[in-house]
């Protein structure tokens, strides 16, 4: 299933920049960055549980925000893009495409 | 239907900050901000077409990125939140909830 993860980490709070780096790093372990604070992760329920657990242990819930959107397995019809992108396929490897 | 809109506007490029403000303003006209560059918009297909058209006319597709995620009408089961949030209901009014 595809899980979209979006986050806002308050970098002005204590340790905020470090938390931001950690959140980003964990998301990279499970998916691909599509925008600055947006990751698409192709995971099974066990992997998602693990990722969620790790992220919960990183963020400061009093200042940071994490959102998960479950797009299912038929996710391709649910996503549309306009403008600049690093073209990629969540099922494959990251490809930088300057023409898109 | 709920459409999630995420965007990255390159504010270091010419007119970037202005584009960012405009994108944000248009999204506010159709939905509610849930994170800094993330909006949830409850729209019908006609409204979505109009919003998309407006956003396409604002962004610079060579530097900015817009993504739409179609979460359908049964969207509540597709969304999960952790941490700080301005609690709200896309079907209702914005409520600031400091306890969540």
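Could you list, in sequence order, all residues of region B:25-35 that are touching a strand residue (DSSP E or B) at 6+ places or on another chain (Cβ under 8 Å), assigned to a helix (DSSP H, G or I) and within 14 Å of chain A (Cβ to nearest Cβ)? Show your work before the answer.
Initial filter on region B:25-35 (touching a strand residue (DSSP E or B) at 6+ places or on another chain (Cβ under 8 Å)): B:27-28, B:30-35.
Remaining after also requiring assigned to a helix (DSSP H, G or I): B:27-28, B:30.
Once the filter is applied, which keeps residues that are touching a strand residue (DSSP E or B) at 6+ places or on another chain (Cβ under 8 Å), assigned to a helix (DSSP H, G or I) and within 14 Å of chain A (Cβ to nearest Cβ), region B:25-35 yields only B:27.
Within region A:64-95, restricting attention to residues that are within 25 Å of residue B:58 (Cβ to Cβ) and part of a loop (DSSP other than H, G, I, E, B), the residue that is modelled with the highest pLDDT is A:84. Among residues of region A:1-24 being in a helix (DSSP H, G or I) and within 26 Å of residue A:73 (Cβ to Cβ), the one that is nearest to the other protein chains (Cβ to nearest Cβ) is A:23.
Scanning region A:57-85 for residues that are more than 7 Å from chain B (Cβ to nearest Cβ) and in contact (Cβ under 8 Å) with a residue 24 or more places away in the chain turns up A:58, A:60, A:72, A:73, A:75. Taken over region A:16-29, the residue count meeting the criterion of being over 8 Å from the mean Cα position of the chain (by Cα), farther than 17 Å from residue B:80 by Cα and surrounded by 14 or more Cβ atoms within 10 Å (Cβ to Cβ) is 5.
State all residues of region A:36-47 that are surrounded by fewer than 19 Cβ atoms within 10 Å (Cβ to Cβ) and within 11 Å of chain B (Cβ to nearest Cβ); if no residue qualifies, say none. Residue satisfying the conditions is A:36 alone.
The values are calculated or read from the model by the stated rules, or taken from the named source; none is laboratory data. In this text, all values refer to a predicted model and were calculated from it rather than measured experimentally. Cβ atoms come from the backbone with ideal geometry, glycine included; neighbour counts cover every protein chain shown.
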